[in-house]
Amino acid sequence: MQQDVIVSIRGLNKTFRSRAGAVVALDGIDLDVRRGEIFGIIGLSGAGKSTLVRCINHLEKPTAGTVTVDGQELGALSKKGLLKARRSMGMIFQQFNLLQQRTALQNVCFPLEIAGVKRSEAEARARELLEVVGLHDRADNYPSQLSGGQQQRVAIARALATDPKILLCDEATSALDPTTTRAILALLKEINRTRGITIIVITHEMAVIEEICQRVAIIDASHIAEVGPVEQVFTRPQSAMAKQLIYPDGKRDKLATGRHYCRIVFDGNSSFEPVVSNMVLECKAPVNIMFADTKDIDGKAYGQMILQLPEDERAAARALAYLETQNVHVEEGDANAFT
């Protein structure tokens with residue numbers, strides 16, 4: 001295994017058997033996660049992504065194949081060895097999974113108690129981690145006294161308690177509102193930056209992948225459909241599932257008449273300025289905006305637009321030439337290229 005790879009998955013299969021028959025949740029999964037990166041796994045509901053994350057720490061035992069974490073093949077470990085390996089992998093869940101009869105401090109202490117850490121040391125560590133997640137003043141609050149975002153911060157602190165090398169986030173922001181989601185993602189990025197912890201993010205939301213991940217795997221019907229840097233997958237999706245996730249149903253109208261279209265991708269390299277308006281004024285080339293999904297993050301533009309260009313060949317060429325000078329990625333195509 002390469003030195004910079006901390007999780008290596010080879011030939012992974014997970015089949016669930018019931019009276020109704022066998023259900024293949026994962027089939028032939030090959031995947032590498034690099035040490036210190038934030039890696040995303042995205043797919044629709046039922047694609048197998050949550051089963052995959054549970055196989056990574058062997059909460060679900062694979063039917064076939066291997067999962068190697070930090071040089072150790074989990075399937076070859078003894079029960080004691082597996083428990084020790086799991087301590088190096090913290091986990092954050094969609095519904096927080098806090099113990100309701102324990103305070104925030106006691107929840108963070110829980111994995112340390114299981115690991116046999118002295119109570120005084122566990123409490124000191126828990127208070128330190130509540131400080132890290134911005135909840136030092138809520139140590140004595142019970143989960144029912146905390147907001148969803150605060151509960152997830154407690155869950156993150158708990159996941160960090162055993163000083164893990166990997167953080168597994170299974171739909172960690174799906175139950176949160178957009179503002180709280182951004183705050184939690186910012187916290188995870190800061191943890192990754194300051195502590196060097198590898199983070200694996202399981203989600204069905206492309207916006208989460210765009211916001212936090214460096215690389216992404218698209219999972220579709222129990223298989224890996226595509227893997228690559230987020231910018232590459234986002235700007236040049238190869239698989240049908242990647243295209244479906246990037247162009248969500250209902251958000252994009254079917255392109256109508258016209259021969260010339262282009263797709264503009266804003267990947268943070270350009271400032272959030274009216275690029276299209278400036279192009280129309282500069283080139284005197286009116287366009288139709290067929291689809292737009294853009295946002296401003298710290299003054300930088302992220303997202304994409306699909307434009308119908310003028311029918312006149314020269315006007316369309318001028319518009320494309322202008323766009324290519326604006327630090328955006330531009331793809332040209334006909335009416336079928338972006339439908």
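The values are calculated or read from the model by the stated rules, or taken from the named source; none is laboratory data. It should be emphasised that the depicted structure is a prediction, and the values quoted were computed from it without experimental measurement. Cβ placement follows ideal geometry from the backbone for every residue including glycine, while neighbour counts extend to all protein chains displayed. With ligands, DNA and RNA removed, areas are computed over all heavy atoms of the protein, side chains included. Shrake-Rupley method; radii C 1.70, N 1.55, O 1.52, S 1.80 Å.
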- Query: What single numbered condition from (1) surrounded by 19 or more Cβ atoms within 10 Å (Cβ to Cβ); (2) more than 19 Å from Arg87 (Cβ to Cβ) fails to hold for Ala126?
  - Reply: (2)
- Within the stretch 45-90, can you find the residues that are of a type outside the set (Gly, Ala, Ser), loosely packed, with under 15 Cβ neighbours inside 10 Å and either free of Cβ contacts under 8 Å to residues at least 12 places away in the same chain or part of a loop (DSSP other than H, G, I, E, B) (or both)? Leu59, Lys61, Glu73, Lys79, Lys80, Leu83, Lys84
- Item | Residue ID - most open to solvent (accessible area, probe 1.4 Å), chosen from residues in the stretch 243-280 that are small (Gly, Ala, Ser) and modelled with pLDDT of 70 or more | Ser277
- Task: Determine, yes or no, whether Glu190 is under 14 Å from the mean Cα position of the chain (by Cα) and not in a strand (DSSP E or B).
- Result: no
- Item | Residue in the stretch 17-44 that is least open to solvent (accessible area, probe 1.4 Å), counting only those that are in a loop (DSSP other than H, G, I, E, B) and farther than 18 Å from Val216 by Cβ | Ala20
- Starting from the stretch 285-311, take each residue that is in contact (Cβ under 8 Å) with a residue 24 or more places away in the chain and list its partners that are open to solvent by less than 40 Å² (accessible area, probe 1.4 Å) and among the basic types (Lys, Arg), counting only C-beta distances under 9 angstrom and pairs at least six apart or across chains. Phe291/Arg263; Gln304/Arg263; Met305/Arg263; Ile306/Arg263; Leu307/Arg263
- Message: I'm trying to understand the selection: among the residues of the stretch 281-326, which are open to solvent by 50 Å² or more (accessible area, probe 1.4 Å) and aliphatic (A, V, I, L, M)?
- Response: Leu281, Ile289, Ala292, Ala317, Ala321
